[in-house]
Protein chains: 2
Amino acid sequence: MKRTKAVIIIGDGLADRPVPELDGRTPLEAADTPNLDRVAADGECGQMDPIGPGVRAGSDTSHLAILGYDPFKVYTGRGPFEALGIGMDVERGDICFRCNFSTLEGDLRLEGDHFAGAKVVDRRAQRISEGTHELAQAVNGVVIEDVTCYVKESVEHRAALVLRGPGLGPNASDVDPHEDGAVPHASHGDDEESRKTAWVLNQFVLRSWEALRNHPVNTQRVAAGKLPANVILPRGGGVAPHLEPFEQKYGVKGACVVETGLIAGIGRYLHMTVPTVEGATGGADTNELALAQAIIEMLQDHDFVLCNFKAPDLGGHDSKPDAKIKAAEKLDNLVAYVLDHVPAGTHIAITADHCTPINFGDHTGDTVPIAISGPNVRKDTVQSFGERSVVGGAIARIRGFDIMPIMTNLMGVQEKFGA
Amino acid sequence: MKRTKAVIIIGDGLADRPVPELDGRTPLEAADTPNLDRVAADGECGQMDPIGPGVRAGSDTSHLAILGYDPFKVYTGRGPFEALGIGMDVERGDICFRCNFSTLEGDLRLEGDHFAGAKVVDRRAQRISEGTHELAQAVNGVVIEDVTCYVKESVEHRAALVLRGPGLGPNASDVDPHEDGAVPHASHGDDEESRKTAWVLNQFVLRSWEALRNHPVNTQRVAAGKLPANVILPRGGGVAPHLEPFEQKYGVKGACVVETGLIAGIGRYLHMTVPTVEGATGGADTNELALAQAIIEMLQDHDFVLCNFKAPDLGGHDSKPDAKIKAAEKLDNLVAYVLDHVPAGTHIAITADHCTPINFGDHTGDTVPIAISGPNVRKDTVQSFGERSVVGGAIARIRGFDIMPIMTNLMGVQEKFGA
């Protein structure tokens, strides 16, 4: 039996709702996308619920589902994926937290099993936007007994903390008191291993206070009449899940050609190849042909490539129909190059990870279109790729979690379940 | 409310992919099947994923799902279904293994917790094809303490072993070392009950060595220059699951009119009636009208009959389009008789347990068509029974596991879930 290769191309947030300014069409319907239509006309089409009907998917949960990892089982806490999303190196078993740079007033100390001596004045340090890289560096790599603490800044006052060391449990409570005016809560653990995590976490918070309270960034902030970002308050802890590496799970080598840290982080975590693509900015100005070329290059020694194209999502979040139409046409250009250069007989799937409607400005739980072309697909009568044109196609309605079984079945690489 | 009876007729491996030699039609599309089409035209139609979208189903897992037993929960290890499949009597709680007749060199003995003194020369005893019935009989029924060991040969070097007795656990490791040149592994158990299983299993292997090393079948093999099949090496142990009997689960009497040992075994295991049908060979030459008559007979004192018609699967595995077309037409003939003789108002469902495409030669995970006729079905516009013609029908896309709720709902025998 001949095995085939496969490419899944995901327009991030590509799907939408009818837009009055577009005469009731969606941006995808309004865009000129002959190559997306070609995949639809040659293939089997339908609707997909990235997670489940009506469920508003994140890009992280959707990509996990599309890659065949049930997000209801593996997405345990935001911490690990927050850390992955900002490009941190996360290993299975690490305990990860979301954090804020916050403003404390007083003199923080531990008294037995609780913090005392200081109150949170502003959990977000006036949404500090500059100098957080320097603040994070001041505590990144701190070692507390046999545990190393990795810290990296994210957007504004946000950051992530990764604890790596032996015997750490996942169930340590938040230090962030979740309200201004309160004393930070000392973390406590539900079990012996989580009590170790809690102890390390509390020590880390004290160390952050010591390292940041007189940090030059804060001295300058105070001189400028701003609140200092003088402590790091963790919350939302979770253990980095034991996800089976992609190649081990499916028996094929996989690559991720992507633009955002979050999806790249998921790909690396699954031990997939994640090439650096010059010119892939993740913005409206991205070089879509560079992405397409990377897909073709990866196919030389990989069986499976997932590509995430970020631009449509930005048009949706910014509520700009024109930008989203242009992004869809860039995606079409990417697909044109892929169709012209893939090895004959390659399976191609086109879909989106969620809707980001212009008139909502964030992700919604509507279905997204999907089209799959290549040998042995159940070709139907659908002629174009759009949110409504795929209704009635042979795929009918599936979930993101169904895609990998469908693709590995078509690729001829799936083990039979039973006799 | 009037209760109806129901028949589900399953063309084994009936569904296929477009075949170039058939001008891009599938064998089912190319076959002359006016009676299958009549059910489709009178009924509601759609696509079915036997297990889930894209999942390559076995006949065992698919029939479990179609009968309403979730294979992801009940299909724990190949052993029990391997034993059922070759017609062994299996009872709930039995510990079942797949086995090989293998060739040992040396003098096998147990030393403490491991085997010693002999190595596996050929795990498959040169794929022995004759005399295995006699070899199995030489150890079948052996009693080790309070456990009886049942052995039956399967195809070539394969066999199954059923351990029946009190206090046996399912988690005993393989004796088969899975490579030639190795000493057999003494089985060990993960818990007290599984340790008993492991102890019995090791004793059984020694007993098989004693019974087979000088067996006449092997004396003759050695004289003919062949390797002796002088030991039985078990692997893949699993406990026969506690499946609720069909009648208890649904409140209706059920029968299985089938041709293969595997499906007959599942039917018996669910305490369904499994009649012997004269002329049902399981081959291309089978008497399909004998099967149809058996369905009608069973309907006299049963509410539900499942029929599996094996021939289409053979055409798929053998990659013979003509054989598969003929098999589909035989199935049509079977359905013609059933339609003409069932009590008025009987619900009829026609489907397949999986695809066995001509050009793949084994099961694939594509959808299969389903049509259901009878009172109160949601009749749609579909006019013929085929892989593509049912797309857009009222059933849309369901799973095998959905069929029994749909049928018992139509039959008027299902308990309400809630108030």
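Only the coordinates and a few stated rules stand behind these numbers; no lab work does. Since the model is a prediction, treat every value here as computed from it, not as a measurement. No Cβ is skipped: glycine too gets one built from the backbone with ideal geometry, and neighbour counts run over all protein chains shown.
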Cα coordinate range in the stretch B:86-149, projected on the principal axes (Å, largest first)
36, 34, 17
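Given C-alpha coordinates of the stretch B:64-172, what is the ratio Rg to Rh with the Kirkwood estimate of Rh? Show your work: numbers first, answer last.
Working: Rg = 15.7 Å, Rh = 15.6 Å.
Using only Cα positions, Rg/Rh for the stretch B:64-172 is 1.01.
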Starting from the Cα of B:Lys320, draw a straight line to each of the lysines and keep only those under 28 Å, dropping any in the same chain fewer than 8 residues away.
A:Lys2, A:Lys5, A:Lys379, A:Lys416, B:Lys310, B:Lys330
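Please state the relative contact order of the stretch B:295-345 as a whole percent: Cα pairs under 8 Å, 6+ residues apart?
35
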What do you get for the angle between helix A:288-299 and the principal long axis of chain A? Use alpha-carbon atoms, 0 to 90 degrees, nearest ten.
80
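What does the charge count near A:Gly54 come to, summing +1 for each Lys or Arg and -1 for each Asp or Glu among other residues with Cβ under 13 Å from its Cβ?
Charge balance near A:Gly54 sits at +1.
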Using only Cα atoms, locate the centre of the stretch B:297-337 and the centre of the stretch B:1-78, then give the distance between them in Å, rounded to an integer.
11
Output needed: percent of Cα pairs per 10 Å distance bin for the stretch B:39-85, bins running from 0 to the one holding the longest distance.
24, 45, 22, 9, 1
Amide H of A:Arg25 versus every other amide H placed in the peptide plane: which residues, excluding those fewer than 5 positions away on the same chain, fall under 5 Å?
A:Val19
Run the label-point distances for B:Asn333 please: 7 Å along Cα to Cβ, every other copy, nanometres, shortest first.
6.3
When we measure straight from the Cα of A:Lys226, which lysines land under 19 angstrom away, once same-chain ones fewer than 8 places off are left out?
A:Lys119
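Please state the equivalent ellipsoid semi-axes for the protein assembly as shown: what are the square roots of 5 times the Cα gyration tensor eigenvalues, largest first, in whole Å?
Numbers: eigenvalues 576, 294, 125 Å².
In descending order, the three semi-axes are 54, 38, 25 Å.
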If one computes the Cα centroid of the stretch A:186-212 and of the stretch B:176-231, what distance in Å separates the two points?
56
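If each residue's Cβ is checked for other Cβ atoms within 10 Å, how do A:Leu233, B:Leu201 rank with the fewest at the top?
Working: A:Leu233 25, B:Leu201 28.
By the 10 Å Cβ count, ascending, the order reads A:Leu233, B:Leu201.
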Against the longest alpha carbon principal axis of chain A, how many degrees, from 0 to 90 and to the nearest 10, is the axis of helix A:321-341 turned?
60
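What does the extension gain come out to for A:His133 and A:Lys416, with contour length at 0.36 nm per residue minus their alpha carbon separation? Mind showing how you got there, number by number?
On the way: separation 283, 0.36 × 283 = 101.88 nm, distance 5.01 nm.
Full-extension gain reported as 96.9 nm.
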Using a 7 Å offset from Cα along the direction of the beta-carbon, what are the separations from A:Gly106 to the same position in each other copy, nm, ascending?
7.2
Taking a ≥ b ≥ c as the square roots of the eigenvalues of the Cα gyration tensor of the stretch B:281-363, is the shape rounded (a/c under 1.5), prolate (a/b larger than b/c) or oblate?
prolate
Compute for the stretch A:159-226: radius of gyration divided by Kirkwood radius, i.e. Rg/Rh, restricted to C-alpha atoms, rounded to two decimals.
1.08
So who's got an amide H within less than 5 Å of the one on A:Asp122, skipping anything under 5 residues away but keeping other chains? H placed 1.01 Å off N, in plane.
A:Thr103
For the stretch A:338-417, would you read off the P(r) tail past 17 Å as a percentage of all alpha carbon pairs?
54
Could you tell me which of rounded, prolate or oblate describes the stretch B:1-148, using a ≥ b ≥ c as the square roots of the eigenvalues of the alpha-carbon gyration tensor, with rounded for a/c under 1.5 and, failing that, prolate when a/b is larger than b/c and oblate otherwise?
prolate
How do A:Asp303, A:Asp42 line up, fewest other C-beta atoms within 10 Å first?
A:Asp42, A:Asp303
12 Å beta-carbon shell around A:Lys416, net charge (K/R +1, D/E -1)
-1
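Give me the percent relative contact order of chain B, please, defined on Cα pairs under 8 angstrom at least 6 residues apart.
That works out to 32 percent.
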Sticking to Cα atoms, compute the Rg of chain B to one decimal and its Dmax as the biggest Cα-Cα distance, whole number, in Å.
23.6, 74
Quick one: give the max-minus-min coordinate of the C-alpha atoms of the stretch A:315-366 along each principal axis, largest first, in Å.
40, 22, 9
Whole-Hz Karplus couplings 3J(HN,Hα) for the stretch B:118-128, θ = phi - 60° and coefficients 6.51, -1.76, 1.60, Gly and Pro as x, run 8, 10, 7, 8, 8, 4, 10, 6, 6, 6, 3
Cα centroid of the stretch B:260-290 to Cα centroid of the stretch A:363-398, whole Å:
40
Quarter of the surface of the C-alpha convex hull for the stretch B:5-85, i.e. direction-averaged projected area in nm², equals 7.6
Only Cα pairs under 8 Å and at least 6 apart count here; give the relative contact order of the stretch B:256-366 as a rounded whole percent.
25
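Within 10 Å of each residue's Cβ, count the other Cβ atoms and sort A:Arg124, B:Arg109 from fewest upward. Each step should come with its number before you reach the end.
Working: A:Arg124 17, B:Arg109 11.
Lowest to highest Cβ neighbour count: B:Arg109, A:Arg124.
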With equal scatterers on the alpha carbons only and no solvent term, can you work out the Debye log10 of I(q)/I(0) for the stretch A:113-213 at 0.11, 0.14, 0.16, 0.17 1/Å?
-0.33, -0.54, -0.72, -0.81
Between copies, how far does the label point of A:Gly345 sit from its twins, in nm, shortest first, when each point is 7 Å from Cα along Cα→Cβ?
5.6
Give the average over all directions of the projected area of the C-alpha convex hull of the stretch B:275-415, one decimal, in nm².
9.0
Residue by residue through the stretch B:193-203, the couplings from Karplus 6.51 cos²θ - 1.76 cosθ + 1.60 with θ = phi - 60°, in Hz, x for Gly and Pro, are 5, 6, 5, 5, 4, 4, 4, 4, 4, 5, 5
